[in-house]
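Enquirer: Provided herewith is a single structure, encoded as structure tokens, for subsequent inquiry.
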């Protein structure tokens, strides 16, 4: 009885789904070719046999329902066809717009885009890069502000290991050693916005910024303040908060106090559009309206602004193009995305237009 049970168990294993699935050997047998020839055809090797043999192998694979082994295909091609994209918050339209540009080029290039969203956690960012590298992604694009200090050092080490093995790394943000860079025009855009607002006759400003360690926030905040000062204006305060919609909302009480002061009209620059939108929502809750009581400007010109009232003054940067450039650089490491500067455009809208009295 024991032998019979063992025989049944063995038979069950042999006739399971793995055993019934067509193998490469089956394809080679039906096509009448060697196993090596079948492998070269189906796994995408650069060493292809004649057209007649290729057609025979593909026909046999189709008739048998053979599914290509992706790992074997990657070995044959020395490429996986995978591209890793690491963003800090995919729910933020800044990142989703860049991801859309990256996806469009990946599709054009026949690549499969893998996405990781890190919730602005530097350790999660580093872990995502490590995971994509372990899956032998042909390129890795990291999108978002640098953090400085030990956090950037850890990411730099991961990218160095990856690139030393032949991978291509691209960052969209501030330069990072060992990676190609697509650098947003943060400094130029914030300075141009400051000049445009002062030229409207405004002199009294506040800034709603993210934490000091977030380099993008610091670049925009410092450049805006310098631009205001250079044109004869004054930045009364910089309010540090979360680099998010909720951070802008939380800054509303302090902004409302400044707006109600017996002083010239206040104009607030929030270092991202989503922070500006949060700020205006928080101000409305307090009975303070833009532009009636306070003027507000943002940065990025994210797509969701099309439906926002009042229209938000902002700095338009080419988010989709940034994603496209990053993937093109990852596909062809000889590209130098930083050689062609990205342009920023000031867009003046209702939120900085004082109502007529």
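Enquirer: Just to verify a number: FRET efficiency for residue 104 and residue 151, C-beta to C-beta distance, R0 = 35 Å, to 0.05? Write down the numbers at each step before the final one.
Expert: Details: r = 30 Å, r/R0 = 0.86.
Plugging the Cβ-Cβ distance into 1/(1 + (r/R0)^6) gives 0.70.
Enquirer: I need the shape label for the range 82-182. Rule: rounded when a/c is under 1.5, else prolate if a/b > b/c, else oblate, with a, b, c from the alpha carbon gyration tensor.
Expert: Working: a/c = 1.63, a/b = 1.13, b/c = 1.44.
Taking the square roots of the gyration eigenvalues as a ≥ b ≥ c, the range 82-182 is oblate.
Enquirer: For a quick protection proxy, order the peptides 171-178, 283-290, 216-223 by their average other-Cβ count within 10 Å, most packed first.
Expert: On the way: 171-178: 18.5, 283-290: 16.2, 216-223: 21.9.
Highest to lowest by the protection proxy: 216-223, 171-178, 283-290.
Enquirer: Using per-residue counts of other Cβ atoms within 10 Å, averaged over each peptide, order 200-207, 84-91, 266-273 from highest down.
Expert: Working: 200-207: 18.8, 84-91: 22.0, 266-273: 28.0.
So the order, starting with the most tightly packed, is 266-273, 84-91, 200-207.
Enquirer: Would the range 186-316 count as rounded, prolate or oblate if I go by the C-alpha gyration tensor, calling it rounded below 1.5 in a/c and otherwise prolate when a/b exceeds b/c, oblate otherwise?
Expert: Judged from the Cα gyration tensor, the range 186-316 comes out rounded (a/c under 1.5).
Enquirer: Average projected area of the Cα convex hull of the range 79-135, in nm²? Display every interim value, and only then the final one.
Expert: Numbers: hull surface 15.0 nm².
For the range 79-135, averaging the hull's shadow over all directions gives 3.8 nm².
Enquirer: Here are several values of log10 I(q)/I(0) by the Debye sum over Cα atoms at q = 0.09, 0.10, 0.14, 0.16 Å⁻¹: [x] -0.54, -0.65, -1.14, -1.38; [y] -0.47, -0.59, -1.20, -1.56; [z] -0.62, -0.70, -1.07, -1.27. Which one was derived from the coordinates shown?
Expert: Correct label is [z].
Enquirer: Here is a follow-up. Ranked highest first by the average count of other Cβ atoms within 10 Å around their residues, in what order do 305-316, 157-168, 182-193, 253-264 fall?
Expert: Values: 305-316: 18.2, 157-168: 16.6, 182-193: 22.7, 253-264: 14.7.
Taking the mean over residues of other Cβ atoms within 10 Å, the ranking is 182-193, 305-316, 157-168, 253-264.
Enquirer: What distance in nm lies between label points placed 7 Å from Cα along the C-beta direction at residue 260 and residue 36?
Expert: Simple spin-label model gives 8.4 nm for this pair.
Enquirer: Here's a follow-up. Can you tell me the 0 to 90 degree angle between the C-alpha axis of helix 215-230 and the longest principal axis of the chain, rounded to 10?
Expert: Compared with the principal axis, the helix lies near 30 degrees.
Enquirer: Comparing 248, 50, 148, which has the greatest mean-square fluctuation in the GNM of the chain with Cα pairs linked when under 10 Å apart?
Expert: 50
Enquirer: Most fluctuating residue of 36, 134, 276 in a GNM of the chain with Cα springs under 10 Å: which is it?
Expert: 36
Enquirer: I'd like the orientation of helix 122-134 relative to the chain: the angle between its Cα long axis and the longest Cα principal axis, in ° from 0 to 90, rounded to 10.
Expert: 20
The numbers here are math on the coordinates, done by the rules we state, and not lab data. Just so it is clear, the structure is predicted and the values come from calculations on it, not from any experiment. Counting neighbours? That spans all protein chains shown, and the Cβs are built from the backbone with ideal geometry, glycine included.
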